[in-house]
Structures are given as structure tokens and as C-alpha cells.
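Inspection log for the structure reproduced underneath, given as C-alpha cells.
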Amino acid sequence: METKRFSRLLTIAALISLGISSASQGEEPTAIVAPGAQLERVFDGGHFLEGPAAAPDGSIYFSDITFSSQSGMQAGHIWRFDPRSGQTSLFRSPSGMSNGIIFDRKGRMLVAEGADFGGRKVTRTDMTTGKSYILAGLFEGHPFNAPNDIAIDRKGRVYFTDPRYLGHEPIEQPVTGIYRIDPNGSVHRIVSELWKPNGIAVSPDDKTIYVVTVGDFRLDIFRVEGRVTEQEPPSVIHAFDLAPDGTAKNRRVLVAYPMGRSADGITVDAEGNVYAAVSGTANHHGVYVYSPSGEELGHIPTPEGAANLEFGRGDESNVLYVTANTSLYRIRLKKVGYHLPQSQGDQ
């Protein structure tokens, strides 16, 4: 197997010089970061890294999106980082242009496959047999735009976003939507009105679903809180009430970013706080942490624009992994991440 190992430590003290900050009304970063913690780069040399996901054994899988026009027509990769050895090995290529990755309660890998010669579908892989299955490939007889990120609730329902940022394939869906896959295999579009939905996460109590919309830094019509305006920021974290039947209702804005700054992937900790991977000007790159009400609790800078993030498992349950441009980073926090409880009783 192709193996890469690259480790570089950046102390929190050094990061202060890069602009570590928190909202004036929020907690200090030390309330989030563990004492003496260091931001560590554990992998470098990817093309554009996305979708970190912690497997039940603690391994971290992540996508390498190899934009075809910039990578010599590489077909996308999924890498596996072993926290015990510090080594990264190639798990799968081609990847179907995988983006978001998540593991279900039975330890199976679910992948959102995008466009640009990708699968434009959601797949599930049995990590024991290696066999993969298509969970959603069409909606109303047409391919998806480019499945981007993915989440699962406690009932085993799968939620994924379907924007389109690149790719030569024709767009056949009338909206950039959010979809739900039920355990019986049926697929439902639950949100139609958002512009380029991207990162997605479900709260630990299954009562809220968070969705990031990502603009492309040009003026577009944005619909926020029922108002149509050209002045709203291009990137917003929305919160919906997640009804018992799996529908998303009562949308509100949790966080709205200024022009030139954009959230991407999101995750939650066991207390329900929301962590957003953010890109912007150099001193605004990194992880932003918010309470369930939207109060900013802290900012952990990264040297590169952050794309997605996920907590580890086991001994690393309070370690946050962050994909940022070509690199994978990790840092130990005071907070413990949230994962679906493992069970053999699910579908």
C-alpha cells in the first residue's frame, strides 16, 4: 500500500500569533482547547482534502478530491490515517469523487460521491467484506447534482446535501436540495429552498439538523429568515427543527458570515455545540465553535483554509481532526465529540 507519514507540531502559543480569537461575549479559546494542546499536521500532500470520518476502530478516513482539470485526471482517493502508527495509507481509488464520509451504527462506511467524473450517488460499504451498495443514485428518475456531505440520525435515517460546484455533467435536478434516505430505502427531498447546501450535522438529541450554505463570493439572491435580499452574506449555518418523521421545519439562521468568509463542513460535540470548518482571509481560517443558540465559543486557527472536521473515537474522543486544503490536522480539546452509539441491531 502507498503510505505517507508527515507530522508537524504547531504550538498554541505560535497560533496566537496567527490570530487565535473568540467572540468577546463567548468563552476564551482555553475553554475549548485542552491545556498544552498542539495543532498537529498528520498528513500532507493531498489535492483537496475533505470529509474526515472516524471508524469504530479509531481510524480516520478522509477524501482527497482530485479536481480532474488540475490533477492530471486523477480519479479521487479515500485515505486511512491510523492514529496508533501515525501512518496514512490509500484505502480506495477511484473514490467516485467521494466528499463527505460517515460511519453508521454497524460500522459501515457511507460516502457522498460528487460530480467531475464522480458517482453522483450515496454508497455504503461493508468494511468486513469490502462490498459496496448504492443507497441513492437517482431522484425522480434523474441523477443528483453532486452529493456533498452526509449525516445520520439515531433512527438510521441518512441525510445528505446536493449542491454543485464543479463538474461537466449536466444538472438534472431543479434545485440544490437536502435529501433523506429512510431505512426502507426510500429517498425524500426535505429541503428545496437553500442555495448550495454543503455541510450537514444532526444534534445529539435528534431534534435539530444543521446545514451550511456556501456561496461563491459573488452577489446572488439569498433567502434568509423569509426575506429576499442581495445583502445577506454568502455563507450561513442554518438550523432546522428535525421532526420525528424526519422532516426539517422552522428554519432559522444560527450563524451568518461576512463576505469573504465561508463555512464548509460541520460537526457537533456531545454537549450539542457546533464546530464549523471555515475559510477566509488568513487570520480567519480555522475552526469556529458555537453553542446551540449560535453564541461563538472560540476560534482555533489553522494555517490553511479549513474544509471539514470530525472527532476521533476511543482514546481520541476529544481529538478534533480537521481537513484543510492539502493537509489533515488534529488537536486535543476539552470537549468530547458525538458519534452514533454502535449497535448490531440496526438495519
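Residues considered: ARG164, ARG189. Of these, the only one that is part of a strand (DSSP E or B), of a type in the set (Lys, Arg) and either surrounded by fewer than 22 Cβ atoms within 10 Å (Cβ to Cβ) or more than 20 Å from the chain's Cα centre (by Cα) (or both) is ARG189. When SER132 is tested against (1) at pLDDT 95 or above; (2) buried (at least 20 other Cβ atoms within 10 Å of the Cβ), exactly one condition is not met: (2).
If you go through the stretch 284-341 and keep only what is over 27 Å from ARG105 (Cα atoms) and among the β-branched types (Val, Ile, Thr), you end up with ILE300, THR302, THR326. Looking across the stretch 72-86, the residues that are of a type outside the set (D, E, K, R) and surrounded by fewer than 16 Cβ atoms within 10 Å (Cβ to Cβ) come down to GLY72, MET73, ALA75, SER85, GLY86.
Residue under question is ARG105, and the condition is that it be surrounded by 16 or more Cβ atoms within 10 Å (Cβ to Cβ), part of a strand (DSSP E or B), basic (Lys, Arg) and at pLDDT 95 or above; does it hold? Explain how you work it out, then say what you get.
Values: surrounded by 16 or more Cβ atoms within 10 Å (Cβ to Cβ): yes; part of a strand (DSSP E or B): no; basic (Lys, Arg): yes; at pLDDT 95 or above: yes.
Criteria not met by ARG105.
For the stretch 274-302, what are the residues that are more than 20 Å from PHE103 (Cα to Cα), surrounded by 19 or more Cβ atoms within 10 Å (Cβ to Cβ) and of a type outside the set (A, V, I, L, M, F, W, C)? Passing the criteria: SER279, HIS284, HIS285, GLY286, TYR288, TYR290, GLY298, HIS299, PRO301, THR302. Restricting attention to the stretch 120-176, and to residues there that are in contact (Cβ under 8 Å) with a residue 24 or more places away in the chain and of a type in the set (Gly, Ala, Ser), which single residue is farthest from ILE65 (Cα to Cα)? The qualifying residue farthest from ILE65 (Cα to Cα) is GLY156. When TYR257 is tested against (1) in contact with a Lys or Arg (Cβ under 7 Å, 6 or more places away or on another chain); (2) buried (at least 19 other Cβ atoms within 10 Å of the Cβ); (3) at pLDDT below 95, just one condition goes unmet, and that condition is (1).
Checking the structure you have, find out if any residue of the stretch 35-53 is modelled with pLDDT of 95 or more, over 18 Å from ASN325 (Cα atoms) and in a loop (DSSP other than H, G, I, E, B). No.
The values are calculated or read from the model by the stated rules, or taken from the named source; none is laboratory data. Note that this is a predicted model, so its numbers are computed, not measured. Ideal geometry is used to build each Cβ from the backbone, glycine not excepted, and the neighbour counts take in all protein chains shown.
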